[in-house]
Amino acid sequence: MIDLACIRMVWERDVIRYFREKSQLYGSLTRPVLWLFVLGMGLRGSAGQIGDVNYTQFIFPGIIAMTAIFTSIQSAISIIWDREFGFLKEILVAPVPRTSIVIGKGLAGTTLSLIQGCIIILLAPLVHVRIALANIVPLIIVLALLSFGLTGIGIVIAARMTSFQGFGTIMNFIIMPMWFLSGALFPAKNLPIWLNVLVRLNPLTYGVDLVRKLVLGFSYHSPVFDFVFLVGFGVLTTAAAVFFFNRGEY
Amino acid sequence: MTPAIEVARLTRRFKTFAAVDNISFEVNAGEVFGFLGPNGAGKTTTVRMLCTLIRPNSGTARVAGYDVARQQNDVRRSIGIIFQDASLDDRLTARENLRFHAMIYKVPRTEVNERISRALEWMELADRARDLVRNFSGGMKRRLEIARGLLHAPRVLFLDEPTLGLDPQTRSRIWERLLALRQEHGMTLFLTTHYMDEAENCYRIAIIDHGRIIALDTPAKLKAQVQGDLVRLETVDDAAAEAEVKQRYGVEVVRDATGIHFEVENGAAFVPGLLRELPVAVRTVSVRPPTLEDVFLKMTGREIRDDEASNHEKLKGRLKRMGRAWR
C-alpha cells in the first residue's frame, strides 16, 4: 500500500514542475491579492466593523484558506492533464500501488498549497493583522490538513472526469460555491435559513473558521469541533480519492 | 522455458462492440512477435490488456508467467512499454524522466546513474540529457521513451506502433538498436504496427482484423500464401490487356487506375514470354516478390491504409494545444 519511492516520485515531480513554471506561482498569487486589497479595501467602508476588526482584516483568514483551496484542487486536477498528455500511463503501468500515487499527489498538493499559503500569511502586516507567534505552527498544520483533504476532492474529480474541458465546470460548480459558502467573506450570523444550512454543510466552513481563530482570535464554532471535523474530512476524501482512483480504467 | 506471453480466448468489449474478440496466441521467450493490422483492429486494446491497463471481459492472458488480471504487480515488474502516444513529462528534462522511472521501478540506487547514462547513449541522446523534453523532436521523444522502457531491464518489451509518424531513416535506426539490444539481453519484443517493413523484423506475425487473428505465421510463410511474384503492367489499353492475360494464362487479374497486376509463380521468367505474346503495347512492367501488404490484401480484401488522423484525433490534438496554452 505504502510505497515510499512512488510517493516521493509523484511528490518531487510536482514540486519540480511548480518551481519551473513561474507563471503558475505568480498567477495564483494575483487572485488572493486582488480579493484582499481590491475587494477587501473596496468593501471596507460600507461593511463597517465586524466585531473588533475591519472588513479587510475579517476576510484575511478566508483569503489564506482560499489560496489553499485553489492551489490544492488545481494541483490534484493536474491528473487530468497527465492522463491527456500520457504521463499518467507511465505511472499506472509501473509496479506501484495506486494508493501511493494518491498519497504522493495529496502531499504534493499540500506542499504547494502551504508554500502559497505562507506567502499570503506574510502579507498580514499590510492589513494590520498580528498573528501570535505561537499560532504559526498550528496554523500551518491546519492549512496542511485542509489542503490534504481538498486534494482528495480534486483527485476524485480528476478520476471521474474524462477531459479537461470540464475544468471550468469544476471551477464554477465546486470550487467557487465551496469558497463562497465557507463564511470566508461574511460572518455566518443572521443569515437566511437556506444560506445558513448550506454554509454549515460545507466542510470548508470549519477550515476557514479554525484559520480565523488562529489568525484573528475568534471563531463561530468550537475550535476543537472544527479540528475534529477537518481530520474527519481529510480521512473521508482521501478514502474516496483512493477508491475512485483505483477503480478507474485508463 | 515458459512462454513470454500466453493468451487464451481473450475478449474485450466496449459497450457492445468487441474490440478484441476471442483471440489466442503464444509468444516464445526471446521472440520478436508482431501484431499487424489496420487502425482500430484491436492491437492497442490487446496491448493495454497485456500491460494491465484495462481488464479483459473474458479469457486469460499471462505475461512472463503472471496472470494479467490477478498478478498485476508481477506483470508490471516484468514488462516495459513504449506507448503509441507520448507518455513523457515534457516539462521535465530527459534525465529527470529517466530518474523518476528508475525510482518507481526500484532500480538499485547504486546503478541508477550508470543505467541512465547507458540508456541515453544507446538512444543517442546523451548530449541532450539536461534539456527539457518539450524542446525535443518527435524522433527524439520516441528514442527517449525507448530508453526509458529499457531502463529497468524488462523481460518483455511492448512496443505499440513504436515508429508511428517517424521518417524511414529514424525508423530503421531505432530498429537496429532494438534488435541489437534484444540480442544482448534476451528480451522478448511484442510490437504492434501497420507498417509492413516494420513487421518484417518479426519472427512471427499475427495478422489482426476486426478484433480477430486471421493468420499467424512467420513472414516468409505468410508471404508464401501469395503465389509467387507480383507482376504489374501499365499498357496503352488496360482493359484489353486484362482480358488477354486472363484468357491466355488463366490467372486472376486486378485492374486499378494505373494498370493491372496479377500473381505468377516465377515472375522474372514469365515476363519475357508475356511481352512477346501480348498484343497490347506495354508501357512499363515491374516484377516484385510479395510483401505482407499483399498478404493482408489477399486475406481481407482490403489494404492496410495509413489513414489520416481521424476527426477524433484531430480534435484531441487541438485540445492538447489548448491545454498547453492554458497551463
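The values are calculated or read from the model by the stated rules, or taken from the named source; none is laboratory data. A quick note: this is a predicted structure, and the numbers were derived from the prediction, not measured. Glycine gets a Cβ as well: all are built from the backbone with ideal geometry, and neighbour counts include every protein chain shown. Areas reflect the complete protein model, heavy atoms only, side chains present, ligands, DNA and RNA absent. Shrake-Rupley method; radii C 1.70, N 1.55, O 1.52, S 1.80 Å.
Sorting B:195, A:18, A:220 by accessible area (1.4 Å probe), largest first, what list results?
A:220, B:195, A:18
Magnitude of the Cβ-charge dipole of region B:5-219, K/R +1 and D/E -1, about the Cα centre, nearest 20 debye?
With Lys and Arg at +1 and Asp and Glu at -1, about 820 debye.
Along the charge dipole of the protein assembly as shown, which of B:57, A:126, B:201 sits closest to the positive end, that is, farthest toward it, with unit charges on the beta carbon of Lys, Arg, Asp and Glu (+1, +1, -1, -1)?
It is A:126, whose Cα lies furthest towards the positive end.
A drop of at least 50 square angstrom in accessible area, chain alone versus all protein chains together, probe 1.4 Å. Which residues of region A:69-103 meet that?
A:81, A:84, A:85, A:87, A:89, A:90, A:93, A:95
Check residue A:3: other-chain or 5+ apart residues with amide H under 5 Å from its amide H, H built from backbone geometry?
Close amide H contacts, sequence-distant or interchain: A:100.
List the residues whose amide H sits under 5 Å from the amide H of residue B:208, counting only those 5 or more places along or on another chain, with H placed 1.01 Å from N in the peptide plane.
B:36, B:37, B:214
Using only Cα atoms and rounding to the nearest 10 degrees, what angle (0 to 90) does helix A:22-33 make with the longest principal axis of chain A?
Around 30 degrees separate the two axes.
Once the dipole of the protein assembly as shown is set up with Lys and Arg at +1 and Asp and Glu at -1 on Cβ about the Cα centre, which of B:222, B:69, A:103 lies farthest towards its positive end?
A:103
Need the full-extension length gain, residue A:21 to residue A:39, defined as separation in residues times 0.36 nm minus the C-alpha distance. One decimal, nm.
Details: separation 18, 0.36 × 18 = 6.48 nm, distance 2.77 nm.
Computed gain between residue A:21 and residue A:39 is 3.7 nm.
List the residues of region B:68-97 that lose 50 Å² or more of accessible area once all protein chains are present, compared with their chain alone (1.4 Å probe, heavy atoms only, no ligands or nucleic acids).
Those residues are B:76, B:83, B:89, B:91.
Beyond 30 Å between alpha-carbons counts as too far, so tell me which of A:105/B:15; B:221/B:246; A:22/A:213; A:105/B:106; A:89/B:15; A:22/A:189 fall in that bin.
Working: A:105/B:15 32 Å; B:221/B:246 27 Å; A:22/A:213 32 Å; A:105/B:106 19 Å; A:89/B:15 22 Å; A:22/A:189 40 Å.
Listed pairs above 30 Å: A:105/B:15; A:22/A:213; A:22/A:189.
Please give the per residue accessible area of the protein assembly as shown, computed with a probe of 1.4 Å over protein heavy atoms only, in Å².
Spelled out: the 1.4 Å probe surface of the protein assembly as shown, per residue, equals 45 Å².
On the Cα set of chain A, report Rg and Dmax in Å, please.
Both quantities, over Cα of chain A: 18.2, 59 Å.
What is the set of long-range amide H partners of residue B:81 at a cut-off below 5 Å, with H atoms built 1.01 Å from backbone N?
B:158
Could you order B:248, B:77, A:212 by accessible surface area, starting with the largest, using a probe radius of 1.4 Å?
B:77, B:248, A:212
Take the solvent-accessible surface of the protein heavy atoms, probe 1.4 Å, and return the percent of it on the protein assembly as shown that carbon and sulfur atoms account for.
Taking all protein chains in place, the protein assembly as shown shows 56 percent carbon and sulfur surface.
Where both partners of a DSSP beta bridge lie in the protein assembly as shown, what percent of those bridges are antiparallel, to the nearest 5?
So the antiparallel bridges amount to about 65 percent of the total.
Round to the nearest 10 and give me the degree value, 0 to 90, for the angle of helix B:94-104's Cα axis relative to the longest principal axis of chain B.
Tilt of helix B:94-104: around 70 degrees.
How many nm is it between the label spots at residue B:240 and residue B:266, if each spot is 7 Å from the Cα in line with the beta carbon?
Result: 3.1 nm between the two label points.
Debye calculation, C-alpha points only, no solvent: report log10 I(q)/I(0) for region B:167-275 at q = 0.12, 0.14, 0.22 Å⁻¹, in the same order as the q values.
-0.65, -0.79, -1.14
Find the centroid of the Cα atoms in region B:159-196 and in region A:102-132, then give the distance between the two in whole Å.
49
With 27 Å as the cut-off, how large is the P(r) tail for region B:5-219, expressed as percent of Cα-Cα pairs? Before the final figure, lay out the partial values.
Details: 6878 of 23005 pairs.
Value for region B:5-219 (Cα pairs over 27 Å): 30 percent.
Residue by residue through region A:108-124, what is 3J(HN,Hα) from phi via Karplus (6.51 cos²θ - 1.76 cosθ + 1.60, θ = phi - 60°)? Round to whole Hz and write x for glycine and proline.
5, x, 5, 4, 5, 5, 5, 4, 5, x, 5, 4, 5, 4, 5, 7, 3
Accessible area, 1.4 Å probe, largest first: how do B:155, B:95 sort?
Details: B:155 125, B:95 60 Å².
Descending accessible area places them as B:155, B:95.
Taking loop as defined by DSSP and a crowding limit of 13 other beta carbons within 10 Å, which trypsin sites (Lys or Arg not before Pro) in region B:1-33 fit?
Details: sites: B:9, B:12, B:13, B:15; in loops: B:15.
When the trypsin sites (Lys or Arg not before Pro) of region B:1-33 are filtered for loop state and at most 13 Cβ neighbours within 10 Å, B:15 remain.
Taking 0.36 nm per residue of sequence separation and subtracting the Cα-Cα distance, how much length would be gained by fully extending the chain between residue B:110 and residue B:167, in nm to one decimal?
16.8 nm
What dipole magnitude, in Debye to the nearest 20, does region B:1-112 give about its Cα centre under +1 on Lys/Arg Cβ and -1 on Asp/Glu Cβ?
360
Using the Cα centre of the protein assembly as shown as origin and beta-carbon charges of +1 (Lys, Arg) and -1 (Asp, Glu), tell me which of B:129, A:172, B:108 is placed farthest towards the positive end of the dipole.
A:172
So in chain B, what percent of DSSP beta bridges are antiparallel if you round to the nearest 5?
If we restrict to bridges inside chain B, about 65 percent are antiparallel.
Provide the solvent-accessible area of residue A:11, counting protein heavy atoms only and rolling a 1.4 Å probe, rounded to the nearest 10 Å².
Per-residue accessible area (residue A:11): approximately 90 Å².
Once you mark the GluC sites (Glu not before Pro) that are in a DSSP loop and have at most 16 other Cβ atoms within 10 Å, what is the longest gap between them in chain A?
Between the exposed loop sites, the longest stretch runs A:22-248.
Go through region B:244-306 and name the GluC sites (Glu not before Pro) that are in a DSSP coil and have 14 or fewer other Cβ atoms within 10 Å of their Cβ.
B:252, B:265, B:303
Evaluate 2.2 N^0.38 Å with N set to the residue count of the protein assembly as shown, then give the Cα radius of gyration divided by it.
It is 1.26.
Give the interface area between chains A and B as buried accessible surface, both sides summed, probe 1.4 Å, in Å² to the nearest 100.
That pair hides around 3400 Å² of surface in total.
What would the Debye equation give as log₁₀ I(q)/I(0) for region A:14-138 at q = 0.09, 0.11, 0.19, 0.20 Å⁻¹, counting only Cα atoms as equal point scatterers?
After summing over all Cα pairs, the log10 values are -0.35, -0.49, -1.04, -1.11.
Tell me what chain B gives for mean residue ellipticity at 222 nm when only DSSP H runs of n ≥ 4 count, each as -39,500 (n - 2.57), the sum divided by the residue total, rounded to 500 deg cm²/dmol.
Result for chain B: -12000 deg cm²/dmol, rounded to the nearest 500.
On C-alpha positions alone, give me the angle between the axis of helix B:168-185 and the longest principal axis of chain B, in degrees, nearest 10.
Helix B:168-185 sits at roughly 60 degrees to that axis.
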